[in-house]
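A.B. asks: One structure follows; several queries about it will come next.
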Amino acid sequence: LFLAVCAVGIGGTFQYGYNVSIINAPTQHIHRFLNETWTTRYHKELNPDLLTFLWSVIASVFSLGGLCGALIGGSMAIRLGRKGALLMNNIIAILASILMGISFPTGLFELLIVGRFLIGINSGVGLCVQPLYIGEVAPKHLRGGMAMGSSIFLTGGILTGQIIGLRELLGGETYWPLLLSSSCFPAFAQLLFLPWFPESPRYLLIDRGDELSCAKALKRFHGSSDYRREMEDIQRECFTVDGEKPKKPWQLFTDRGVRWQLITVIVMTMGQQLSGINAIYFYATYIFKQAGISAEKIPYVTLGTGACECLTALTCGLLIDYVGRRYLIIGGYLLMSLWSTVLTFSLTYQDLYWWVPYISMASIFAFILSFGLGPGGITNTLTAELFIQSSRPAAYMIAGTISWISFFTIGMLFPFIVNGLKQYCFLVFLLECSLVAAFIFLVIPETKNKSFLEIKKEFHKLNFGRNA
C-alpha cells in the first residue's frame with residue numbers, strides 16, 4: 001500500500017507542485033529569451049507591455065490547462081480506470097517537456113506556451129485521479145494517512161522544484177530549458193513503477209463487475225488472510241449502487257442525496273484556495289528583505305517555506321487517523337485566523353521596532369505550518385470520503401474545476417487586493433478562515449474509521465430532513 005501511494009504520487013500531485021514551483025526561478029531568463037526572439041524575428045525591440053502580457057500568458061496558461069485537466073480527469077478515470085488514466089496522463093507530461101525543452105533552441109516561444117498548457121492538463125488530471133485511486137485502495141483505518149500521500153507528494157514537488165531551481169543547479173541562464181523540461185522524469189518514473197500495481201479494487205468490482213480481478217487486487221494490497229473484510233465492504237457498496245452508472249457532474253447538482261456533501265466540497269475547495277496562502281508567498285520576499293536578509297540569500301530562505309509545508313503534510317499524515325479529520329481541519333483554519341491577525345499587526349508596525357520584522361517572518365512560517373496541518377491535505381481526503389463509487393469521479397471533477405477557477409481568480413485579483421488593502425488584506429483572509437471553520441464545525445461529521453456507506457448515512461438527515 002505504501003509503495004502504491006509512492007507510485008501514483010510521483011507522476012500525480014508531485015507534478016503539480018513541481019511545475020508550480022519551477023516557473024519562478026527562470027523568470028528573468030525567459031524575459032531575455034522573449035526579447036531576443038522578438039528582435040530576431042521582427043527586427044525591433046519587444047514592447048514592455050507586450051513582454052509583460054506574454055510572460056503572464058506563459059505563467060497563467062498553466063491554470064487554464066489545469067482546469068481542462070480537471071474537466072476530463074473524471075471521465076478518463078471512468079473509461080480507462082484509475083490506473084489507466086494516470087499512465088495515459090504521463091504521455092501528456094512527456095510531450096509538454098519536449099515542447100518546453102526545444103522552445104529555446106528553435107527560437108519559438110509559442111512552444112513554451114503550449115508546453116505550459118499541456119503540463120497544466122497533466123497536473124489537473126493528476127490532482128483529480130490520484131486521490132481517487134488512493135481513496136479507493138486504502139482500508140478505512142489507514143485511509144486518512146494514505147490519502148495524505150497526495151498532499152505529501154504535492155509539497156514534496158514544491159520543495160524539489162525550489163531546490164532544482166537554484167541558480168547553482170538548473171536555475172542558471174544556461175540550463176533553464178532543461179529545468180522546464182525536467183518534469184518528464186517523474187512521468188518516466190511512474191510509467192516504470194505504476195504498471196506493477198493493481199487497478200483500484202472498487203473500480204474493478206463496482207464499475208466493471210469483475211469480482212475475480214477485484215479479489216486478486218485486494219490480496220495484493222491487503223494480504224491473502226485480511227482481504228475478505230475489505231471485499232465484504234466493497235460488495236455492500238456494490239449492492240447499494242445496484243448497477244448505477246457513474247454520474248455526470250451536472251447530475252450531482254440535481255441529486256438531493258448528495259446535496260450537503262457537494263456544498264461541503266465546494267466550500268472547502270474554495271476555502272483552501274482563498275485562505276490567504278497565496279498572499280503569504282507573495283509577501284514572503286518583502287518580509288525577508290525587511291528582516292535584513294540579502295536578495296541573494298532569499299531563495300535559500302524560501303526553501304524553508306517549502307520544507308515547512310512538506311513537514312506539516314508528513315505530520316498530518318501521521319496524525320490524521322488518530323486525531324480525526326474534523327479536529328485537524330478546524331484547528332488549521334483557526335490557527336490561520338490567529339496568524340492573519342498577528343501578521344496584520346506586525347506588518348502595520350513593521351518600521352516601529354527592529355524586532356517586528358522577525359515576528360512577521362515567524363508568522364509566515366506558522367501560517368504555512370497551520371495550512372499544511374489541516375486545509376492543505378484534508379480537503380482532498382474528505383472529497384474521497386464523502387461520496388460513494390457512482391458519485392466520486394464527478395465530485396472530483398467539480399472540486400477540481402472549483403479549485404482551478406479559484407486559483408486563477410485569486411491570481412488575477414490578488415495584486416489588486418494587495419495594492420488596495422496593503423497589509424489589511426489579511427483581515428479578509430481572517431474572516432474567510434473563520435467562516436470556513438464554523439461551517440465545518442456545524443456541518444461535517446467525523447469520517448475517521450467509517451466506511452463510505454456509513455458516511456453517507458451521516459449526511460442522510462441533513463439531505464432529507466430530521467424525519468427521514
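A.B. asks: Can you confirm whether region 132-149 contains a residue that is assigned by the TED database to the domain that holds Thr13, in contact with a Gly (Cβ under 9 Å, 6 or more places away or on another chain) and without any contact (Cβ under 8 Å) to a residue 60 or more places away in the chain? Spell out the reasoning first.
C.D. replies: Narrowing region 132-149 to residues assigned by the TED database to the domain that holds Thr13: 132-149.
Filter once more, keeping what is in contact with a Gly (Cβ under 9 Å, 6 or more places away or on another chain): 132-134, 138, 143-149.
Filter once more, keeping what is without any contact (Cβ under 8 Å) to a residue 60 or more places away in the chain: none.
No, that holds for no residue.
A.B. asks: For the condition part of a helix (DSSP H, G or I) and crowded, with 21+ Cβ neighbours inside 10 Å, what is the one hit in Ile152, Ile163? Steps first, answer last, please.
C.D. replies: Values: Ile163 fails: crowded, with 21+ Cβ neighbours inside 10 Å.
Criteria check complete, one pass: Ile152.
A.B. asks: Taking only pairs six or more apart or across chains, which ones have beta-carbon atoms under 7 Å, a first residue in region 31-58 that is under 21 Å from Gly172 (Cα atoms), and a second residue that is open to solvent by less than 80 Å² (accessible area, probe 1.4 Å) and in a loop (DSSP other than H, G, I, E, B)?
C.D. replies: Every condition considered, the pairs that remain are Leu34/Leu46; Asn35/Leu46; Thr37/Gly107.
A.B. asks: Here's something else I'd like to know. Can you name the number of the only condition in (1) under 17 Å from the mean Cα position of the chain (by Cα); (2) buried (at least 24 other Cβ atoms within 10 Å of the Cβ) that Cys68 fails?
C.D. replies: Here Cys68 clears every test but (2).
A.B. asks: Right, another one. Looking at Phe14, is it among the hydrophobic types (A, V, I, L, M, F, W, C), loosely packed, with under 15 Cβ neighbours inside 10 Å and outside the structural domain of Ala394 (by the TED database)? I'd like the intermediate steps shown before the answer.
C.D. replies: Details: among the hydrophobic types (A, V, I, L, M, F, W, C): yes; loosely packed, with under 15 Cβ neighbours inside 10 Å: no; outside the structural domain of Ala394 (by the TED database): yes.
The answer is no for Phe14.
A.B. asks: For residues in region 110-127 being at pLDDT 90 or above and not aliphatic (A, V, I, L, M), which is most open to solvent (accessible area, probe 1.4 Å)?
C.D. replies: Phe117
A.B. asks: Of all residues in region 413-447, how many are of a type in the set (D, E, K, R) and modelled with pLDDT of 85 or more? Walk me through it before giving the result.
C.D. replies: Here is the first cut: in region 413-447, the ones of a type in the set (D, E, K, R) are 422, 432, 446.
Within this subset, residues satisfying the condition of being modelled with pLDDT of 85 or more are 432, 446.
The total comes to 2.
A.B. asks: Here is a further query. Out of all the residues in region 338-345, is one or more within 26 Å of Val265 (Cα to Cα), open to solvent by 60 Å² or more (accessible area, probe 1.4 Å) and modelled with pLDDT of 80 or more?
C.D. replies: Of all residues in region 338-345, those within 26 Å of Val265 (Cα to Cα) come to 338-340.
Now drop any that are not open to solvent by 60 Å² or more (accessible area, probe 1.4 Å), which leaves 338-339.
Narrowing further to those that are modelled with pLDDT of 80 or more: 338-339.
There is at least one residue in region 338-345 that is within 26 Å of Val265 (Cα to Cα), open to solvent by 60 Å² or more (accessible area, probe 1.4 Å) and modelled with pLDDT of 80 or more.
A.B. asks: Looking at Ile158, Ile121, Ile152, which is the one that is touching a residue at least 40 places away in the same chain (Cβ under 8 Å) and farther than 27 Å from Ile320 by Cβ?
C.D. replies: On the way: Ile158 fails: farther than 27 Å from Ile320 by Cβ; Ile152 fails: farther than 27 Å from Ile320 by Cβ.
Going through Ile158, Ile121, Ile152 in turn, the sole match is Ile121.
A.B. asks: If you don't mind, another one. Within region 171-218, restricting attention to residues that are surrounded by fewer than 20 Cβ atoms within 10 Å (Cβ to Cβ) and polar (S, T, N, Q), which residue is modelled with the highest pLDDT?
C.D. replies: Ser213
A.B. asks: Let me ask you something else. Answer with yes or no whether Pro198 is over 28 Å from Ile405 (Cα atoms) and assigned to a loop (DSSP other than H, G, I, E, B). Please lay out each step first, then the result.
C.D. replies: Working: over 28 Å from Ile405 (Cα atoms): yes; assigned to a loop (DSSP other than H, G, I, E, B): yes.
Spelling it out, Pro198 is indeed over 28 Å from Ile405 (Cα atoms) and assigned to a loop (DSSP other than H, G, I, E, B).
A.B. asks: Which numbered condition trips up Thr37, out of (1) open to solvent by 20 Å² or more (accessible area, probe 1.4 Å); (2) more than 21 Å from Phe188 (Cβ to Cβ)?
C.D. replies: Here Thr37 meets the rest and fails (1).
A.B. asks: While we're looking at this one, here's another question. Can you tell me which of (1) under 19 Å from the mean Cα position of the chain (by Cα); (2) closer than 20 Å to Ser200 by Cβ; (3) open to solvent by 10 Å² or more (accessible area, probe 1.4 Å) is the one Leu132 doesn't meet?
C.D. replies: Every listed condition holds for Leu132 apart from (3).
A.B. asks: With the requirement that a residue be open to solvent by less than 90 Å² (accessible area, probe 1.4 Å) and more than 15 Å from Pro139 (Cβ to Cβ), what does region 236-247 give you? Talk me through it step by step, then tell me what you get.
C.D. replies: Going residue by residue through region 236-247, those that are open to solvent by less than 90 Å² (accessible area, probe 1.4 Å) are 237-238, 240-241, 243-244, 246-247.
Scanning region 236-247 gives Cys238, Thr240, Val241, Gly243, Glu244, Pro246, Lys247.
A.B. asks: Related question: Given the conditions (1) hydrophobic (A, V, I, L, M, F, W, C); (2) within 20 Å of the chain's Cα centre (by Cα); (3) farther than 21 Å from Gly324 by Cα, and given that Phe188 satisfies all but one, which numbered condition is not satisfied?
C.D. replies: Among (1) hydrophobic (A, V, I, L, M, F, W, C); (2) within 20 Å of the chain's Cα centre (by Cα); (3) farther than 21 Å from Gly324 by Cα, Phe188 violates only (2).
A.B. asks: Then there's this: Just wondering, is there one or more residues in region 72-88 that are open to solvent by less than 10 Å² (accessible area, probe 1.4 Å), out of contact with any Gly (no Cβ under 7 Å at 6 or more places or on another chain) and not in a helix (DSSP H, G or I)?
C.D. replies: Scanning region 72-88 turns up at least one residue that is open to solvent by less than 10 Å² (accessible area, probe 1.4 Å), out of contact with any Gly (no Cβ under 7 Å at 6 or more places or on another chain) and not in a helix (DSSP H, G or I).
A.B. asks: Now for a different question. Among all residue pairs at least 6 apart or on different chains, which show Cβ distances below 7 Å where the first residue, located in region 90-114, is not assigned by the TED database to the domain that holds Gly12 and of a type in the set (S, T, N, Q) and the second is modelled with pLDDT of 95 or more and surrounded by 15 or more Cβ atoms within 10 Å (Cβ to Cβ)?
C.D. replies: Sorted first by the residue in region 90-114, then by its partner, the list stays empty.
The values are calculated or read from the model by the stated rules, or taken from the named source; none is laboratory data. The shown structure was predicted, so the numbers you read here are calculated from the model rather than taken from an experiment. Note: ideal-geometry Cβ built from the backbone for every residue, glycine included; neighbour counts use all protein chains shown. These area figures cover heavy atoms from the full protein model, side chains too; ligands, DNA and RNA do not enter into them. Shrake-Rupley method; radii C 1.70, N 1.55, O 1.52, S 1.80 Å.
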